[in-house]
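What follows is one structure encoded as structure tokens, with my remarks underneath.
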Amino acid sequence: MLYSFFLVRRVMAPTVACILYNIILPISVMIPELFLPVWGIAYIPTVLLVVTAIRHPKNLHILPFWILFESVMTMHRMRAALSGLFELSEFNEWVVTKKTGNNFEDNEVPLLQKTRKRLRDRVNFREIVFSAFLFFCASYNLVFPGKTSYYFNLYLQGLAFVCLGLNFTGTCSCCQ
């Protein structure tokens, strides 16, 4: 039972969420014959979101940002789950950092020098390319509205991919 729960919660859920919200939903705005029911796109995820968010009611004001962040993180969770499941090369990467603690010979801890990283190391191009895809699909849906209009959601999702692609999270950014 534990393995089934782990497989569903940690492998299947991120994979299905990534494929549904980041691939099928944007493509569905360009294919008018493809109709996605509202209960599959909005109602079930909303119930799951409320059940997850009800544990921390004082954080309800950041719920829209969390939704967008989770949309981006499904791509990373799917990649991590599949690489662990299939034991790909990056599965066994474990970086251990040296801790100084109380065992350091001198009482002075050396300051780390801030290194200048290349743009390739500061920007996540996978997110940037995916945000361009989402912006294209949203613009297409705005210009050619079909049965469904998801352009607002797709623009916000694309903006979230840009923010995480340029490392505008926490104290890091690609502009430093």
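The values are calculated or read from the model by the stated rules, or taken from the named source; none is laboratory data. Computed from a predicted model, the values in this text were never measured in an experiment. The area values use the complete protein model at the heavy-atom level, side chains included, leaving out ligands, DNA and RNA. Shrake-Rupley method; radii C 1.70, N 1.55, O 1.52, S 1.80 Å.
Quick notes on this one:
- Accessible surface of TRP66 - all protein chains present, 1.4 Å probe, nearest 10 Å²: 80 Å²
- For the stretch 82-89, 3J(HN,Hα) per residue [Karplus equation, 6.51 cos²θ - 1.76 cosθ + 1.60, θ = phi - 60°, Hz, x = Gly/Pro]: 6, 5, x, 5, 9, 6, 6, 4
- Largest first, the residues HIS56, HIS76, HIS61 sort by 1.4 Å accessible area into HIS61, HIS56, HIS76.
- Amide H contacts of ASN167 (H built 1.01 Å from N, under 5 Å, at least 5 apart or other chain): ASN124
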